[in-house]
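What follows draws every value from the coordinates through simple rules; no lab data is involved. Bear in mind that the values here come from a model prediction, so they are computed numbers and not experimental data. For neighbour counting, all protein chains shown are included, and Cβ atoms are generated from backbone atoms with ideal geometry for every residue, glycine included.
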Amino acid sequence: MRKTPMTEESLAPLSARSFWDKAGMWLSYGCAVHCALMPFVIGYLAVNGMGWIAEESTEWTIIIASLSIGLFRLFWSYFKEHRQPEPVVFFLVGVSLIFIAKSVFFVTPDGLEPVGMVAGGVMIGTAHFRNQSKCKCCQTSLVGASSNS
């Protein structure tokens, strides 16, 4: 396996770099929970004045924020830090599942849209989790290599 050289940019403190992975995980897993629970709590939310949570605009805001963080963090990490394709593959599968769910299942009344959305959110959250572990691995090996020099 080819090791990529670490640059000054990729040597930022691990906590600063992992913030985006943590934010992406929370947002993506939150999206999955939102989509899983919405069919069951939509009536309760409407009665209690929280119907905005079930609106399509809220859903798209969560999706766009999750995709933006994923594009930024996962591709940056791939090109600048570890060159491991696994997190990017998880992300692309998750994005594909979300867009398939929003396009195909939206027009059919079979109720499978939440299944695709939950699966996509879990895949994107897992992509951030795997990315964070790969970046920690690179940071650990880099620290070990620099202390041996």
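Please list, by residue number, every one of the trypsin sites (Lys or Arg not before Pro) in segment 16-103 that is coil in DSSP and has at most 16 other beta-carbon atoms within 10 Å. Show your work: numbers first, answer last.
Details: sites: Arg17, Lys22, Arg73, Lys80, Arg83, Lys102; in loops: Arg83.
Those that pass, being in a loop and sparsely packed, are Arg83.
Please give the length that would be gained between Val115 and Lys22 if that part of the chain were fully extended, namely 0.36 nm times their separation in residues minus their C-alpha to C-alpha distance (nm, one decimal).
On the way: separation 93, 0.36 × 93 = 33.48 nm, distance 2.35 nm.
The Val115-Lys22 span can extend by a further 31.1 nm.
Report the local net charge at Phe90: Lys and Arg +1, Asp and Glu -1, summed over other residues whose C-beta lies under 15 Å from its C-beta. Don't skip to the end; give the middle numbers.
Working: positive: Arg73, Arg130, Lys134; negative: Asp21, Glu86.
Neighbour charge sum, excluding Phe90 itself: +1.
Over the residues of segment 17-144, compute the C-alpha Rg and express it relative to 2.2 N^0.38 Å.
Working: Rg = 16.2 Å, N = 128, 2.2 N^0.38 = 13.9 Å.
Segment 17-144 yields a ratio of 1.17.
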